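Here the structure is laid out as structure tokens; the discussion comes afterwards.
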Amino acid sequence: MFTVTLHTGLLKDASLHNMLGRLDFGYSKLDIVADYKSELFSCGVGSHGIRELKDYPRWSATIWDLVARLVAVGLYVKEALPEMPHEPASPRGASATRMCAVIEHWSELEETRRARVGWAQLTSQGRACDYVCQLSDDLLGTRTSAVFRHAPEVLQHWDLLARAVSWTYSKSWQLPERPTLRVPKPFEEMGKRYVGLSKVPDPARSGLERWLAREGIAVARPANAPSGIVPEDLYNRFMSKVL
């Protein structure tokens, strides 16, 4: 299971005492193209209901892309964000000074074992309703957005996070098109089928390399493929089953 917690303030100060909400999600179908079940909570409101997101290609984009879509589905039932003007009708829009979020992976059947796999930090810039967002993904590193404006009449913090993800990765207030499933073409050598690691696009490549190292599985590095090759069935197992 994955949990995203949303907080006011700086990332280093995130705690239960400044939590704004929580998003819990996990697999209802674990496969290379997966189905997810999620529940979004807002402090002071409670649960927005249990939702489903179907046919999402795993290992195809930053985990923040998936989180933004689950937030949209949680708030608005559909995988899209409603149009919102950059400027409010009143002289001043609702804003936040600082806001952060943390993504954690909780190991199955272990309530105490968790790992941080991503974080976000939003900071007001200059005038109210102008923000910069930093998004970190443990497989893809950290990316910083250009300054963007978000000036609603009433601030919905989850909505702000989803739009910050979109601004950071696609420079748009709306969710981008879903990522496509990109799989390398296997090749045959001495009667066996392999996949070249250099042909596996990130974040799948980084995830695969970490999993192989964690499992103690050696990677063959022939002279014609120094980046390494793995058996096709091992690659398929990772893509369809490994968390």
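Considering only residues that are touching a strand residue (DSSP E or B) at 6+ places or on another chain (Cβ under 6 Å) and within 21 Å of Ser170 (Cβ to Cβ), look in segment 38-66 and name the one that is surrounded by the fewest Cβ atoms within 10 Å (Cβ to Cβ). I'd like the intermediate steps shown before the answer.
Step one: filter segment 38-66 for residues touching a strand residue (DSSP E or B) at 6+ places or on another chain (Cβ under 6 Å), giving 38-43, 47-48, 50-58, 62-64.
Still in the running and within 21 Å of Ser170 (Cβ to Cβ): 53, 55-58, 62-64.
Working: Leu53: 19, Asp55: 12, Tyr56: 19, Pro57: 19, Arg58: 24, Thr62: 22, Ile63: 20, Trp64: 27.
Going through the qualifying residues, I end up with Asp55.
Has segment 73-82 got at least one residue that is part of a strand (DSSP E or B) and open to solvent by 60 Å² or more (accessible area, probe 1.4 Å)?
Checking segment 73-82: not a single residue is part of a strand (DSSP E or B) and open to solvent by 60 Å² or more (accessible area, probe 1.4 Å).
Answer yes or no as to whether Val154 is of a type in the set (Val, Ile, Thr) and over 30 Å from Gly228 (Cβ atoms).
Here the answer is yes, as Val154 does meet what is asked.
In this structure, does Leu155 turn out to be closer than 22 Å to Ala80 by Cβ, out of contact with any helix residue (DSSP H, G or I) (no Cβ under 6 Å at 6 or more places or on another chain), assigned to a loop (DSSP other than H, G, I, E, B) and modelled with pLDDT under 95?
yes
Among the residues of segment 202-243, what is the count of those that are over 22 Å from Phe2 (Cβ atoms) and either at pLDDT below 95 or not in a helix (DSSP H, G or I) (or both)?
16
So, of the residues in segment 167-196 that are open to solvent by less than 90 Å² (accessible area, probe 1.4 Å), assigned to a loop (DSSP other than H, G, I, E, B) and out of contact with any Ser or Thr (no Cβ under 8 Å at 6 or more places or on another chain), which turns out to be nearest to Arg143 (Cα to Cα)?
Arg178
Pick from segment 24-58 the residues that are assigned to a loop (DSSP other than H, G, I, E, B) and either within 19 Å of the chain's Cα centre (by Cα) or β-branched (Val, Ile, Thr) (or both): which of them is nearest to Gln134 (Cα to Cα)?
Here the answer is Arg58.
If we keep just the residues of segment 1-23 that are part of a strand (DSSP E or B) and of a type in the set (S, T, N, Q), which is most open to solvent (accessible area, probe 1.4 Å)?
The selected residue is Thr8.
For Gly228, only one of the following conditions fails: (1) open to solvent by less than 20 Å² (accessible area, probe 1.4 Å); (2) of a type in the set (Gly, Ala, Ser); (3) more than 26 Å from Thr62 (Cβ to Cβ). What is its number?
(3)
Take Leu161 and decide whether it is modelled with pLDDT of 95 or more, part of a helix (DSSP H, G or I), hydrophobic (A, V, I, L, M, F, W, C) and surrounded by 18 or more Cβ atoms within 10 Å (Cβ to Cβ).
yes
If I ask for residues that are of a type in the set (Gly, Ala, Ser) and modelled with pLDDT of 95 or more, which ones from segment 64-95 would you list?
Ala68, Ala72, Gly74, Ala80
The values are calculated or read from the model by the stated rules, or taken from the named source; none is laboratory data. This structure is a prediction, so every number in the text was calculated from the model and none was measured. In this analysis, Cβ positions are derived from the backbone assuming ideal geometry, glycine residues included, and neighbour counts consider all displayed protein chains. These accessible areas exclude ligands, DNA and RNA; they are computed on the full protein's heavy atoms, side chains included. Shrake-Rupley method; radii C 1.70, N 1.55, O 1.52, S 1.80 Å.
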